[in-house]
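Asks: One structure is given below, represented as structure tokens, and several questions about it will come after.
The values are calculated or read from the model by the stated rules, or taken from the named source; none is laboratory data. Predicted model, so just to flag it, every value in this text is computed and none were measured. Cβ atoms come from the backbone with ideal geometry, glycine included; neighbour counts cover every protein chain shown. Ligands, DNA and RNA are excluded from the accessible area calculation, which covers all protein heavy atoms including side chains. Shrake-Rupley method; radii C 1.70, N 1.55, O 1.52, S 1.80 Å.
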Amino acid sequence: MSRCLQLAANGLGSTYPNPLVGCVIVHQGKIIGEGWHRKAGEPHAEVHAINSVRNKALLKKSELYVNLEPCSHHGRTPPCADLIVKMGVPCVFIGSLDENSRVNGAGVARLERSGCQVTVGILEKECRELNRRFFTFHRRKRPYIILKWAESADEFIFPAEDQVAERGPVWISNTYSRQLVHKWRAEEEAILVGTRTMEQDDPSLTVREIKGKPILRLFIDRQLRSSWQSKVFQGGFRTVVFADKSNNRWQIPEELKNNVRIIGLDFEASLATQIVDFLFEEEVQSLIVEGGAFTLNAFIEAGLWDEARVFRGNALFGEGLGAPKLSGMPEKEVSIRGDRLLYYRNDPEDGISGSIKNRT
Ligand code: AOF
Ligand code: ZN
């Protein structure tokens, strides 16, 4: 099962809206087949693993390990449970059930009905952790939310205006940390920043410095003050602007119409809740919020976050805009060439039984 998780993790960032799945086939204690799911629409992990077995006759005397319950529905691809049964695999070990309402136990039932011996719950905690975006989306009806910011050693997110005028833009974190942020962007489905970040930084919100799929760009601009020349509209990637719903001043230029959408929000109500509801409707499973303080605080106040990743640089600002505050201790701290990186978790995953259920 550890090997399944290792294989599954290869798909991180490229399988949305599908989960990360790895599959291993074992015959007499030896791995004879392996596979993982690469991309939605392409074959599932079990299919790749079964296809990789050279001598298919061995399948009838093998065990199949998979970190997620094999599917039982006809989606973009046919049901894996049917294939496992057809190939005569007698014994299946599963990490966690698939909470997608189209599966959710039906895959196990299908296997058992055909006489397959099924065990559920192997390394369940690790399996749920790997697919925490997928499970959060299906269970909580919202994307998995990661907050990210960088703060000075004295916990300011931005220095006072006069300091900026004097010293120019201040980078809190080093180049290695900034590279890591691009890796994180490549792993998530959408990125959000607030109005002030847009105005001050003119960010492109793209994945650079690492190979990865484009990320859905989101930003808040109540009065639609951004210029069409802003970097966030360049590159031909999808961009969503959240504006006041009573404001319909903007006409999207013809050449951007395919990529840019304006979504109206009620700015008197919780922005975080409305953004999260919109993303669920759009089937977006994960979101990274990269600032600024107002936007990050909106998510913290609404309790709408799962992880926070906070760089704590070495510079002292003395005064400025205070960084968001989280209650509780960081789960872990690592050093990125001298930058401190603090990881926080909000609600640990619920509903993990932790017990192995041998179904037969
Ligand atoms: C598996 N093995 O490797 C994956 C599964 O549209 P489809 O046919 O790709 O089905 C997508 C759903 O199948 C997805 O939402 C999830 O419930 C399950 N994913 N199942 O047996 C896999 N990726
Ligand atoms: Zn499947």
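Asks: Sort the range 2-130 into rounded, prolate or oblate with this rule: let a ≥ b ≥ c be the square roots of the eigenvalues of the Cα gyration tensor; rounded if a/c is under 1.5, and if a/c is not under 1.5, prolate when a/b is larger than b/c, oblate otherwise.
Replies: Judged from the Cα gyration tensor, the range 2-130 comes out rounded (a/c under 1.5).
Asks: Using a 1.4 Å probe, what is the accessible area per residue for the range 2-130, in Å²?
Replies: Computed with neighbouring chains in place, this is 43 Å² per residue.
Asks: Less than 13 Å Cβ to Cβ from Ile32, Lys/Arg counted +1 and Asp/Glu -1: what total charge do the surrounding residues give?
Replies: Charge balance in the 13 Å sphere: +4.
Asks: May I pose another question? Over the range 2-130, what is the percentage of antiparallel beta bridges among all DSSP beta bridges, to the nearest 5?
Replies: The answer is about 55 percent antiparallel.
Asks: Under a Cβ-only charge scheme (Lys and Arg +1, Asp and Glu -1), can you give me the dipole magnitude of the chain about the Cα centre, in debye to the nearest 20?
Replies: Here the size comes out at about 1720 debye.
Asks: Using a simple charge model, +1 on the beta-carbon of Lys and Arg, -1 on the beta-carbon of Asp and Glu, nothing else, what dipole does the range 2-130 show about its Cα centre, in debye to the nearest 20?
Replies: Its charge dipole is roughly 440 debye.
Asks: Within the range 199-244, report the chymotrypsin sites (Phe, Trp or Tyr not before Pro) that DSSP leaves as loop and that have at most 14 other Cβ atoms within 10 Å.
Replies: Answer by residue number: Trp228.
Asks: What does the highest-first list of 156-163, 305-312 look like by mean Cβ count within 10 Å?
Replies: 305-312, 156-163
Asks: Please work out whether the range 193-296 counts as rounded, prolate or oblate from its C-alpha gyration tensor, where a ≥ b ≥ c are the square roots of the eigenvalues and a/c under 1.5 means rounded, while otherwise a/b larger than b/c means prolate and anything else oblate?
Replies: rounded
Asks: Based on the Cβ-Cβ distance from Ile210 to Ser270, what FRET efficiency comes out when R0 is 35 Å, to the nearest 0.05?
Replies: 0.55
Asks: For the chain, give the percent of accessible area contributed by carbon and sulfur heavy atoms, probe 1.4 Å, rounded to a whole number.
Replies: Ligands and nucleic acids excluded, carbon and sulfur give 49 percent.
Asks: Cα-based Rg of the chain per 2.2 N^0.38 Å, rounded to two decimals?
Replies: 1.12
Asks: Please work out how many pairs of lysine residues in the range 29-161 are eight or more positions apart (or on different chains) and have Cα atoms closer than 23 angstrom.
Replies: Step by step, the pairs that qualify in the range 29-161 add up to 9.
Asks: Which one, Val53, Gly75, Asn100, is farthest towards the positive end of the dipole of the range 21-103 when Lys and Arg carry +1 and Asp and Glu -1 on their Cβ?
Replies: Of the candidates, Val53 comes out farthest on the positive side.
Asks: Could I ask something else about it? With every protein chain left in place, what is the accessible area per residue of the range 135-345 in square angstrom, probe 1.4 Å?
Replies: 49
Asks: Given +1 on the Cβ of Lys and Arg, -1 on the Cβ of Asp and Glu, and no further charges, what dipole in debye does the range 223-263 carry about its Cα centre, rounded to the nearest 20?
Replies: Using Cβ point charges on Lys, Arg, Asp and Glu, the range 223-263 gives about 120 debye.
Asks: While we're on this one: Please identify which residues in the range 89-103 have an amide N closer than 11 Å to a label point set 7 Å out from the Cα of Ala109, following the Cα→Cβ vector.
Replies: So the set is 103.
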